[in-house]
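The values are calculated or read from the model by the stated rules, or taken from the named source; none is laboratory data. Owing to the predicted nature of the structure, the values given are computational and were not obtained by experimental measurement. Cβ placement follows ideal geometry from the backbone for every residue including glycine, while neighbour counts extend to all protein chains displayed.
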Amino acid sequence: MRELRGRVCVITGAASGIGLALAERAAAEGMRVVLSDIEAGPLEAAVAGLRGQGATAIGVRADVSKEAEVEELAARAYAEFGAVHLFCNNAGVFSREKPTWEHTPADWQWIFGVNVMGVVHGMRAFVPRMLASGEPGHVVNTASMAGLATGGMGTAVYDASKHAVVSLTESLYKDLVTRQSLVSASVLCPGVVDTNIFTAERNRPAEYGGGPGQDVASPSSAELPSDWLSPQEVAAQVFDGVREDRFYILASQPVVFEWVRMAHNRMWEGKNPAVPRRKGVEA
Ligand SMILES: NC(=O)c1ccc[n+]([C@@H]2O[C@H](COP(=O)([O-])OP(=O)(O)OC[C@H]3O[C@@H](n4cnc5c(N)ncnc54)[C@H](O)[C@@H]3O)[C@@H](O)[C@H]2O)c1
């Protein structure tokens, strides 16, 4: 989809990090923007910020893990603007690190509820409406480089959820192409980006073990690259990818590219997975 000016963009997880940068970039491209997030205060501030710069923007609070709230988000976007052309299924959460066998059913349910079912609810609410409109459109699902090759240590739930997003977005793309649709799809796989993702536990509901007194920080025990990307760099790559109808939008630093390439090569070569270096531990 090359022409964006005047068109409508909806973004989930738009109050912070990559989602906020996508919203700012959409506004700078002259799009009308629907920002959605579970956090009402930051969402309000983000919408006010965009409006202050002259953008046409509204905010709709929605928890993407809840089908009815995502359906309501789609209904609001269409009621307000009559169309949606770019839908960024971006909201996502990360958990405290633990060995694979110690992640509780609540960890799996919360993270898969947001990272996987949130994307599923988004596709189910928006894609049929976008197809019915007969207008060009594009869906961008945010996965991760950790969805292409298992990344960290202690991040089994997150990595598995992002593998699911890569796979289901490939299916979405094939289903759209098979039907010669005007709507296309991309999967966004960021590397390590400077956002609030490491405090994602702030949004864990009580029913999944969240609440006051929780250790919200999730510092990685794996050695992360020092050259973190900015959310703005990621957003710029997303808009290039949408314009070029590029399916895989890999917005990453070189060391993470190499990690994924090496992981895939090892598989074809019959070798066992490489294990990332631990912080402060000599290889
Ligand atoms: N930061 C990174 O290094 C990185 C790398 C790869 C992929 N990602 C992915 O990028 C996406 C955006 O994350 P970010 O890094 O900008 O983090 P962030 O925490 O800065 O932003 C995520 C936003 O999602 C919102 N959110 C959380 N739970 C929600 C829910 N149930 N419903 C609706 N909104 C909800 C949060 O309030 C927040 O505003 C996520 O899908 C994340 O997995 C991030």
Of everything in the range 3-13, what is under 10 Å from the mean Cα position of the chain (by Cα) and aliphatic (A, V, I, L, M)? Give them in sequence order.
I11
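Answer with yes or no whether A15 is among the small types (G, A, S) and closer than 25 Å to Q237 by Cβ. Don't jump to the end; show me each part of the working.
Numbers: among the small types (G, A, S): yes; closer than 25 Å to Q237 by Cβ: yes.
So A15 passes the test.
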Could you say whether any residue in the range 194-203 is out of contact with any Pro (no Cβ under 9 Å at 6 or more places or on another chain) and aromatic (F, W, Y)?
no
Could you identify the single residue in V166, V93, V120, V140 that is more than 10 Å from the ligand (Cβ to nearest atom) and crowded, with 22+ Cβ neighbours inside 10 Å?
V140
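Modelled with pLDDT of 95 or more and near the ligand (Cβ under 7 Å from one of its atoms): which single residue out of A15, A40 fits that description?
Working: A40 fails: near the ligand (Cβ under 7 Å from one of its atoms).
Every option except A15 fails the conditions.
What's the total number of residues in the range 18-34 that are under 18 Å from G137 (Cβ atoms) and within 16 Å of the ligand (Cβ to nearest atom)?
Of the range 18-34, the ones under 18 Å from G137 (Cβ atoms) are 22-23, 25-26, 29-34.
Narrowing the set further to residues that are within 16 Å of the ligand (Cβ to nearest atom) leaves 22-23, 25-26, 33-34.
The total comes to 6.
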What is the one condition in (1) modelled with pLDDT under 95; (2) hydrophobic (A, V, I, L, M, F, W, C); (3) outside any helix (DSSP H, G or I) that W259 does not satisfy?
(3)
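Assess whether R7 counts as being over 29 Å from S181 (Cα atoms) and not aromatic (F, W, Y). Let's see the steps before the verdict.
Numbers: over 29 Å from S181 (Cα atoms): no; not aromatic (F, W, Y): yes.
The answer is no for R7.
Within the range 51-67, does at least one residue satisfy the condition of being more than 9 Å from the ligand (Cβ to nearest atom), in contact with a strand residue (DSSP E or B) (Cβ under 9 Å, 6 or more places away or on another chain) and part of a loop (DSSP other than H, G, I, E, B)?
Yes, there is a match, as at least one residue in the range 51-67 is more than 9 Å from the ligand (Cβ to nearest atom), in contact with a strand residue (DSSP E or B) (Cβ under 9 Å, 6 or more places away or on another chain) and part of a loop (DSSP other than H, G, I, E, B).
What are the residues in the range 14-55 that are over 18 Å from the mean Cα position of the chain (by Cα) and surrounded by 21 or more Cβ atoms within 10 Å (Cβ to Cβ), if any?
First, the residues of the range 14-55 that are over 18 Å from the mean Cα position of the chain (by Cα): 27-32, 40-41, 44-45, 47-55.
Once the filter is applied, which keeps residues that are over 18 Å from the mean Cα position of the chain (by Cα) and surrounded by 21 or more Cβ atoms within 10 Å (Cβ to Cβ), the range 14-55 yields A27, M31, R32, V47, L50.
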Scanning the range 129-155 for residues that are assigned to a loop (DSSP other than H, G, I, E, B), farther than 15 Å from V8 by Cα and of a type outside the set (V, I, T) gives A143, S144, L148, A149, G151, G152, M153, G154
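In the range 87-128, what count of residues is obtained for those that are of a type outside the set (S, T, N, Q) and part of a helix (DSSP H, G or I)?
At the first step, the residues of the range 87-128 found to be of a type outside the set (S, T, N, Q) are 87-88, 91-94, 96-99, 101-103, 105-108, 110-114, 116-128.
Now restrict to residues that are part of a helix (DSSP H, G or I): 101-102, 105-108, 110-114, 117-128.
So the answer is 23.
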